[in-house]
Amino acid sequence: MRIGVVAVQGDVREHLRALERLEVEAVPVRRPAELEGLAGLILPGGESTAIWRLLKWSGLVEPIEELHRAGVPLFGTCAGMVLLAKEIVNWPERFFGFIDIAVERNASGRQVDSFETEVEVAGIGTVPAVFIRAPYIRRAGPGVEILAEHRGQPVMARQGTVLVASFHPELTDDLRVYELFLKMCG
Amino acid sequence: MLKGTYRVKTGFAEMFKGGVIMDVTTPEQAEIAEAAGAVAVMALERVPADIRKQGGVARMADPKRIKEIMKAVSIPVMAKCRIGHIAEARVLEALGVDFIDESEVLTPADPFNHIDKWQFKVPFVCGCRDLGEAARRIAEGAAMIRTKGEAGTGNVVEAVRHMRILNDQIRRLRDMSRAELVSYAKELGAPVEVLEMIQELGRLPVVNFAAGGIATPADAALMRMLGADGVFVGSGIFKSENPEKRARAIVLATTHYDDPELLAEVSEDLGEPMPGIAIEEIPQEQLMQYR
């Protein structure tokens with residue numbers, strides 16, 4: 001199975017390493033041609049505004065939209081979740097909008113308020129979770145399954161082929177969230 | 001729920017990789033940087049080129065200026081404190097800046113020590129010219145490293161020098177026996193434990209950006225080719241003729257550093273870059289990198 005990681009900006013190396021530990025072929029994606037033959041695509045942590053501009057200027061937005069239409073599963077962590085959300089409550093732009101959630105950017109606060117903790121993920125159990133200037137899910141549409149909460153706040157969700165998390169499983173050694181995504185990829 | 005842990009600090013720095021951090025002095029400049037795809041801005045009162053020109057003591061920026069910039073953008077805001085100035089660092093932490101640069105661009109406050117960065121919740125980035133300096137800063141708790149270069153010159157040669165030296169020293173370290181490593185630690189003035197960690201990883205245990213003299217998209221691409229995880233651009237953007245276009249071009253060049261056709265395209269018609277200074281023309285005592 002070949003899984004891509006959007007590699008225009010962000011913590012790409014950590015995602016690639018996690019996939020390699022699961023013995024999956026992991027491909028960094030900076031050009032449209034690198035999307036070919038992918039069973040799934042990860043949008044990493046980073047700065048959502050920077051990643052979006054780089055995707056646009058690199059001609060990757062439409063090919064990723066096509067990939068989504070073709071049913072290839074997508075997984076976004078932190079900035080990746082912002083990019084996949086239908087609505088951003090505190091920002092004028094909308095990015096891909098593939099999952100029916102409204103997110104608030106930097107909802108956990110500035111960096112001094114970033115934290116690590118554990119969250120209970122449905123069907124997995126307790127996983128370590130690192131939240132860095134993290135977005136939270138403020139609203140979720142009827143087709144969206146909330147998979148984890150932190151202090152009553154939804155922080156992980158799935159709708160069809162799209163999986164999102166406010167936190168960074170790539171910064172921990174726990175691979176169970178990836179296993180969940182790989183199951184979606186077939 | 002744990003805040004300010006080393007994982008939270010270094011993990012945040014990992015998010016900057018492949019990106020450009022831009023010096024800004026006004027909210028308007030910060031907005032231009034954000035629109036051009038910067039991953040963070042460095043809030044300053046004066047860019048390094050002006051600090052160099054005006055001389056005198058360069059200090060932390062006015063908190064009012066920093067707050068205005070924090071309000072203007074949604075991306076992370078960094079700010080500089082003087083080397084060893086624990087109080088300036090505490091002020092910046094209280095303001096809620098996302099990262100502190102303990103920077104040689106400002107006039108050093110402590111002739112003996114750097115800040116003990118383990119005592120802070122906010123992460124720090126520090127400059128280095130070689131592996132010894134990088135290892136000492138990491139031992140003090142730096143969550144990110146940048147090679148120093150020579151700030152405010154628009155001349156990339158010192159940034160290249162420092163990255164080349166760092167790479168060469170890490171390469172040598174990789175093949176060393178335990179006895180050689182201990183001796184090398186003495187030679188570099190570096191803690192043994194940090195060198196052991198670097199030897200095991202084959203790289204620095206934290207993100208390493210390039211800084212000091214990057215003025216063109218090709219400069220940014222060059223530093224990425226040499227292994228930098230990303231770049232800081234100080235005076236290079238807002239001291240140039242067309243900051244918006246140049247900022248965007250540098251952002252694209254930092255991501256697509258290995259695509260010469262794209263580099264050619266984005267380098268075209270950017271207007272005048274910032275004026276450059278030959279390093280030999282700068283009196284030794286005015287070089288910032290030795291601070």
Under 13 Å, Cβ to Cβ, from B:Ile83 - net charge with Lys/Arg +1 and Asp/Glu -1:
0
Whenever you get a sec, line up B:Arg137, A:Arg30, A:Arg17 from highest to lowest accessible area (probe 1.4 Å, protein heavy atoms).
A:Arg17, A:Arg30, B:Arg137
Report B:Ile32's accessible area, 1.4 Å probe, all protein chains in place, as a number in Å² to the nearest 10.
50 Å²
May I ask you to give the average projected area over all directions of the convex hull of the Cα atoms of the stretch B:8-75, in nm² rounded to one decimal?
5.4 nm²
Hull volume in cubic angstrom per residue (convex hull over the Cα atoms of the stretch A:2-185)
102 Å³
Run through every distinct alpha carbon pair of the protein assembly as shown and return the Kirkwood hydrodynamic radius in angstroms, one decimal place.
22.5 Å
Give me a comma-separated list of calculated 3J(HN,Hα) values for the stretch A:5-20, in order, Karplus coefficients 6.51, -1.76, 1.60 applied at θ = phi - 60°, integers in Hz, x for any Gly or Pro.
10, 4, 10, 7, 5, x, 8, 5, 3, 5, 5, 4, 5, 4, 5, 5
Above-threshold pairs, the threshold being 32 Å between Cα atoms, out of B:Lys186/B:Lys239; B:Lys121/B:Lys245; B:Lys71/B:Lys239; B:Lys9/B:Lys71
B:Lys186/B:Lys239; B:Lys121/B:Lys245
Given H placed on each backbone N at 1.01 Å, which residues far from B:Val207 in sequence or on other chains put an amide H within less than 5 Å of it?
B:Ile145
Taking a 1.4 Å probe, which of A:Ile132, B:Ile86 shows the most accessible area, and what order do the others take after it?
B:Ile86, A:Ile132
Three-way shape label, the stretch B:208-291, alpha-carbon gyration tensor, a/c 1.5:
oblate
How big is the stretch A:29-88 along each principal axis, measuring the range of its Cα positions in Å and listing the largest first?
28, 22, 17
Once you sort the root eigenvalues of the Cα gyration tensor of the stretch A:93-143 as a ≥ b ≥ c, which label holds: rounded (a/c under 1.5), prolate (a/b larger than b/c) or oblate (the other case)?
oblate
For A:Arg138, enumerate residues with amide H under 5 Å from its amide H, sequence gap 5+ or separate chain, H modeled in the peptide plane.
A:Ala102, A:Val103, A:Glu104
Using 1/(1 + (r/R0)^6) with R0 = 30 angstrom and r between the beta carbons of B:Asp175 and B:Glu280, what's the FRET efficiency to the nearest 0.05?
0.30
Excluding residues fewer than 8 positions from B:Lys148 in its own chain, the lysines with Cα under 16 Å of it are B:Lys80
Using the eigenvalues of the Cα gyration tensor, what equivalent ellipsoid semi-axes result for chain B when each is taken as the square root of five times the eigenvalue, whole Å, largest first?
27, 23, 19
³J(HN,Hα), Karplus 6.51/-1.76/1.60, whole Hz, each residue of the stretch B:150-165, x for Gly, Pro:
10, 5, x, 9, x, 10, 7, 4, 6, 4, 5, 3, 5, 5, 4, 5
Each residue of the stretch A:150-157 in turn: what ³J(HN,Hα) in whole Hz from Karplus with 6.51, -1.76, 1.60 and θ = phi - 60°, glycine and Pro shown as x?
10, 6, x, 9, x, 10, 8, 8
Please state the charge dipole magnitude for the protein assembly as shown, taken about the Cα centre, from unit charges on C-beta atoms (+1 on K and R, -1 on D and E), reported in debye and rounded to the nearest 20.
780 debye
Rank A:Glu149, A:Glu47 by accessible area, highest first, at a 1.4 Å probe radius?
A:Glu149, A:Glu47
Would you pull out the residues with amide H under 5 Å of A:Cys78's amide H, same chain only if 5 or more places away, H placed 1.01 Å from N?
A:Ala165, A:Ser166, A:Phe167
Antiparallel DSSP bridges in the stretch A:69-186: what percent, to the nearest 5?
75 percent
List the lysines whose alpha-carbon lies under 21 Å from that of A:Lys86, not counting same-chain residues fewer than 8 positions away?
A:Lys56
If you stretched the chain out fully between B:Glu268 and B:Asp168, how much longer would it get, using 0.36 nm times the residue separation minus the C-alpha to C-alpha distance?
32.7 nm
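The values are calculated or read from the model by the stated rules, or taken from the named source; none is laboratory data. Every value quoted in this text rests on a predicted model; they were computed, and no experiment measured them. Heads up, the Cβs are rebuilt from the backbone with ideal geometry, glycines too, and the neighbour counts pull from every protein chain shown. These accessible areas exclude ligands, DNA and RNA; they are computed on the full protein's heavy atoms, side chains included. Shrake-Rupley method; radii C 1.70, N 1.55, O 1.52, S 1.80 Å.
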